[in-house]
1. Considering every residue within region A:89-98, establish whether at least one is surrounded by 14 or more Cβ atoms within 10 Å (Cβ to Cβ), within 14 Å of another protein chain (Cβ to nearest Cβ), small (Gly, Ala, Ser) and closer than 24 Å to A:ASP7 by Cβ.
2. Take the residues in region B:20-36 that are open to solvent by 30 Å² or more (accessible area, probe 1.4 Å) and not in a strand (DSSP E or B); name whichever of them is nearest to B:GLN127 (Cα to Cα).
3. Restricting to region B:196-209, give me the number of residues that are part of a helix (DSSP H, G or I) and touching an Asp or Glu at 6+ places or on another chain (Cβ under 8 Å).
4. May I ask you to list the residues in region A:37-88 that are out of contact with any helix residue (DSSP H, G or I) (no Cβ under 9 Å at 6 or more places or on another chain), assigned to a helix (DSSP H, G or I) and not acidic (Asp, Glu)?
5. Would you be able to tell me the number of residues in region A:1-19 that are open to solvent by less than 20 Å² (accessible area, probe 1.4 Å), assigned to a loop (DSSP other than H, G, I, E, B) and not hydrophobic (A, V, I, L, M, F, W, C)?
6. Return a yes/no flag: does region B:55-68 have any residue that is within 28 Å of B:ALA11 (Cα to Cα) and either in contact with a His (Cβ under 6 Å, 6 or more places away or on another chain) or within 14 Å of chain A (Cβ to nearest Cβ) (or both).
7. Mind counting the residues in region B:99-115 that are more than 8 Å from chain A (Cβ to nearest Cβ), open to solvent by 10 Å² or more (accessible area, probe 1.4 Å) and of a type in the set (Ser, Thr, Tyr)?
Number of protein chains: 2
Amino acid sequence: MTIVMYDLVGADDRRFSPNCWRTRMALLHKGLEHEARPTRFEEIKSICDGDRKTIPTIEDGDKVVTDSLAIADYLEETYADRPSLFDGPVGRGLAAFVQNWTQTVVNPGVVGMVVADIHDNLVPSDQAYFRASREKLFGRALEEVQAGREDRLDSVRKSLTPLRATVSQQAFLGGDRPTYADYVAFAPFQWARSISDFRILADDDPVSAWFGRVLDLYDGAARRSPAYY
Amino acid sequence: MTIVMYDLVGADDRRFSPNCWRTRMALLHKGLEHEARPTRFEEIKSICDGDRKTIPTIEDGDKVVTDSLAIADYLEETYADRPSLFDGPVGRGLAAFVQNWTQTVVNPGVVGMVVADIHDNLVPSDQAYFRASREKLFGRALEEVQAGREDRLDSVRKSLTPLRATVSQQAFLGGDRPTYADYVAFAPFQWARSISDFRILADDDPVSAWFGRVLDLYDGAARRSPAYY
């Protein structure tokens, strides 16, 4: 049975949500048949039971699960015979650390560099909601948040030092095979690439090489998704 | 057979080296009989085969291993029937990420707060070597490096956000049981506690609660080691 994944979409079929990318990669990792159904912000309230506030949300038969980590846990438990996302409880525990690092260190740096570009790449009917909600969060116009991003590049790249050191020593965060922790750390860079032509990573950065390795997985599924580069 | 672990020591039997603490905790985790032999900087050149430049170094019968991660890998492989340090290859891969984060984010912040205190807590015959080598590294007097540490507290505490978020959600970095990744992240705080009365962590910080949980392990072995608090 095909799992339906509600996947945030911008204009031109751009799939940009980092949290949705975690789920998409988890479904590919598990080798589960799925449909990543394009969903606009304005449509979220109408999916499934009408009670969902955020995506990713998946529908697996009668089962509805929201939140990327809850979905990963659900898939790991339900499809235990498929390739493991965590490789056991310690891998699950440490993936939470990688997620916390990504959310508190990487994502804030990345969003400040692409938030106005996100707005510009949404369908027009989503733009007003996005601007209002994000400007309330930042307390400033999106264009002001994004301004001067070239001057912040060094500091954002420096913040990636732990990731860089690790993927210089081994192919993936979880060693020689990709696991959920890689998808979590991959997601903000896929987010940026899907929605903005501004290059956050230098070509010769080992993080770029690792990002390329994740893009290549599963017949290049993430690489083929509409993107600026 | 007792494993000999050469353990860096200051005055008053203070065991302060963070890398030695990783190894000490790994030996305790494995439940292996060991002697943490107090070793001054000036004595390192004379241990084992006389070729060792750093500690931790362990002697397990004829086998000599140097470097904390190499030792952890050796113990994991050699004593595979004992409790696992990594819980498999993904746990090992992600432990490397935690180590890289600790070394590039936590350790630099901590050392800047205690480096002159380390000097003052060494045996006198080690002090000249320590001052010369570390002042060359920093390009400044140890006392200058440490000065103004109160002003850096907020920024160092903020850098712990990913650790704080994780140990607020689960007991240990690796989930509900401690593993090697916990010992690596624990080590800089045990280092500070062993050698300085300057409190880096606030009492009500969830990181303090986690640190206390690690101090309590193995009958409080780490807690009983000479320390300022």
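The values are calculated or read from the model by the stated rules, or taken from the named source; none is laboratory data. All values derive from a computational prediction rather than experimental measurement. Heads up, the Cβs are rebuilt from the backbone with ideal geometry, glycines too, and the neighbour counts pull from every protein chain shown. Heavy atoms of the whole protein, side chains included, go into the accessibility calculation; ligands, DNA and RNA do not. Shrake-Rupley method; radii C 1.70, N 1.55, O 1.52, S 1.80 Å.
1. yes
2. Narrowing region B:20-36 to residues open to solvent by 30 Å² or more (accessible area, probe 1.4 Å): B:24, B:28, B:31, B:33-35.
If we keep only those that are not in a strand (DSSP E or B) too, we end up with B:24, B:28, B:31, B:33.
Working: B:ARG24: 24, B:LEU28: 30, B:GLY31: 34, B:GLU33: 32 Å.
Only one residue tops the list, namely B:ARG24.
3. So in region B:196-209, the residues part of a helix (DSSP H, G or I) come out as B:206-209.
Imposing the further condition that a residue be touching an Asp or Glu at 6+ places or on another chain (Cβ under 8 Å) reduces the set to none.
Summing the residues that are part of a helix (DSSP H, G or I) and touching an Asp or Glu at 6+ places or on another chain (Cβ under 8 Å) in region B:196-209 gives 0.
4. A:ILE44, A:LYS45, A:SER46, A:ALA70, A:TYR74, A:THR78
5. So the answer is 2.
6. Within region B:55-68, one or more residues are within 28 Å of B:ALA11 (Cα to Cα) and either in contact with a His (Cβ under 6 Å, 6 or more places away or on another chain) or within 14 Å of chain A (Cβ to nearest Cβ) (or both).
7. Of the residues in that region, 0 qualify.
Yes or no, residue by residue, for (1) within 7 Å of another protein chain (Cβ to nearest Cβ); (2) in contact with a Gly (Cβ under 9 Å, 6 or more places away or on another chain); (3) touching a residue at least 12 places away in the same chain (Cβ under 8 Å):
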residue: B:GLU143; (1), (2), (3): no, no, yes
residue: B:ASP151; (1), (2), (3): no, no, no
residue: B:SER159; (1), (2), (3): no, yes, yes
residue: B:GLY174; (1), (2), (3): yes, yes, yes
